[in-house]
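The structure appears below as structure tokens.
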Amino acid sequence: MSIVRYRRLDNDQPHLGWLENERITPFPEDSGFSTPGELLQHRLADITGFLEKVGTWNTEPLDFTSVPLLAPIDSQEVWAAGVTYRRSRDARMEESTQQDVYDRVYDAERPELFFKATARRVLGPEGTIMIRGDSTWDVPEPELALVFNRHREVVGYTVGNDVSSRSIEGENPLYLPQAKTYMGSAALGPVIAMRHEVDNPQNLAITVVIERNNAEEFRGETSTAEMHRSLDELGSWLHRGNTFPDGAFLMTGTGIVPPDSFTLQDGDTVLISIEGIGTLSNRVARLDVDA
Ligand code: DO4
Ligand code: MG
């Protein structure tokens, strides 16, 4: 059971609903919960109370295969943590001209947190993620994403893809914003699994499959149990010196890095699955904006 954002077929507008047994029950329009921005104004207890009353809503359930699903975001910022898994630290040390910055941040008290995306740069389920035209080495980063309300509470979890340019980051760590933030550099979805629906977010299997020409090109697996920091720790650092009046998403770092010989290609499909949450599937294309 989880929250989905979908496109209404009657008026083409995005809307939120409650997904249960492959049926979406639309949130009532005047409920004050029907967009991510409205939903994340509320405290977790109020959201839970609202969802418990689903049987009393006067909205008609839909078959979830009948509507296009959207990224569960509207006005929130997306942030990301880096080098939270040993695998990510090792890969970055290999690719970079400045190896020790990654080694030092892995064990430092302060984690690496960076601004990842605004909502308009984020794709939802089945959307097309992008490779920068000026990048030569590109990867998906499959990450558990935390969903915060304005009160700093984790409301739920979704699947995140921190699509990244390894060639740009590897050239100089100061190029990180260009390696990480561009049109189509992030994907979120397919649902927000409510916090109480996920038993132990620090022990979830994460799998990525990358398909090319109808065959499996790469498969990788990890578990959030491999994370070097706790989710509470990452959340508390995110909120230091920052407020998020509409809530926020925090991707928690990747534990899967494909071999150095791998780079994403136009036409690939990336499928990221997180136990208890779902599978986020995206096509890949090369962005032809100014090279
Ligand atoms: O240090 C660069 C980014 C690291 C990152 O995105 C990750 O570890 O997931
Ligand atoms: Mg990442």
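FYI, it's all coordinate maths here, none of it is from the lab. Here the structure is a predicted model, which means the values were calculated and not measured. Because the Cβ atoms are built from the backbone with ideal geometry, glycine has one as well, and the counts that use them run over all protein chains shown.
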task: Just give me the residues in segment 57-115 being β-branched (Val, Ile, Thr) and surrounded by 13 or more Cβ atoms within 10 Å (Cβ to Cβ), in sequence order.
output: Thr59, Val67, Ile73, Val78, Val83, Thr84, Val101, Val105
- request: Name every residue in segment 77-112 that is farther than 25 Å from Thr263 by Cβ and aromatic (Phe, Trp, Tyr), in order of residue number.
  value: Trp79
field: Condition check for Gly55: part of a helix (DSSP H, G or I) and over 25 Å from the mean Cα position of the chain (by Cα)
entry: yes
- prompt: Which of the following residues is farther than 28 Å from Leu51 by Cα and among the small types (Gly, Ala, Ser): Ser185, Ser236, Ser281, Ser273?
  reply: Ser185
message: Among (1) more than 18 Å from Gly124 (Cβ to Cβ); (2) touching a Leu at 6+ places or on another chain (Cβ under 6 Å); (3) of a type in the set (Val, Ile, Thr), there is one condition Thr48 misses while meeting the rest; what is its number?
response: (2)
